[in-house]
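Report on the structure given below.
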Amino acid sequence: MDGAGLVQALAALDLGVEPRDGANLPAVRVGVERLLALMKRLRDSPEFSFDMLVDHTAVDWNQEGRFECLYNLCSTTHGHQLLVSVSVPRDNPVVPSVAGLWAIAEWQEREVFDLMGVLYDGHPDLRRLF
């Protein structure tokens, strides 16, 4: 499935997924309350099979009063990539941890926590790296 087809397939799910513009790869945004359900579906569903979390970071949109958490996923089975975005308010930056889905997220979430102050609900060892 090509990038546009991937975004359309995700938008058709009942998970509140919307296309996200401005990325150089297929990208979607989702509400924080649906992030974990979407990520499980992306990893576990054979039509998606996103078995690798390549990178996770956050952008501080200070003027807008929010952080945008970005997850770069890869499917080694299908050979496609996807950027998943979730926004949280700067005054309560809590996101569910995906460390239970991809082990590398444990370190990536700790880095974002340490540098940006985003809290990861359910993280097994949320402490500073630096």
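The values are calculated or read from the model by the stated rules, or taken from the named source; none is laboratory data. What you see is a predicted model; the values in this text were computed from it and never measured. Positions of Cβ are backbone-derived with ideal geometry, glycine not excepted, and every protein chain shown enters the neighbour counts. With ligands, DNA and RNA removed, areas are computed over all heavy atoms of the protein, side chains included. Shrake-Rupley method; radii C 1.70, N 1.55, O 1.52, S 1.80 Å.
Cβ-Cβ distances below 9 Å connect the following pairs, each with a first residue in the range 86-109 that is among the aromatic types (Phe, Trp, Tyr), a second residue that is surrounded by fewer than 18 Cβ atoms within 10 Å (Cβ to Cβ) and modelled with pLDDT of 95 or more, and a separation of six or more residues or different chains: Trp102/Asp51; Trp102/Met52. Taking Val54 and the conditions (1) under 18 Å from Gln108 (Cα atoms); (2) part of a helix (DSSP H, G or I); (3) among the β-branched types (Val, Ile, Thr), which numbered condition does it fall short on, given that it satisfies the others? Single failed check for Val54: (2). Reported count of residues in the range 58-83, each being open to solvent by less than 60 Å² (accessible area, probe 1.4 Å) and either part of a loop (DSSP other than H, G, I, E, B) or β-branched (Val, Ile, Thr) (or both), is 2. When each of Val28, Val86, Val98 is tested for being surrounded by 14 or more Cβ atoms within 10 Å (Cβ to Cβ), of a type in the set (Val, Ile, Thr) and not in a strand (DSSP E or B), the lone residue that passes is Val98. A residue that is under 23 Å from Gln8 (Cβ atoms), under 16 Å from the mean Cα position of the chain (by Cα) and aliphatic (A, V, I, L, M) can be found somewhere in the range 65-75.
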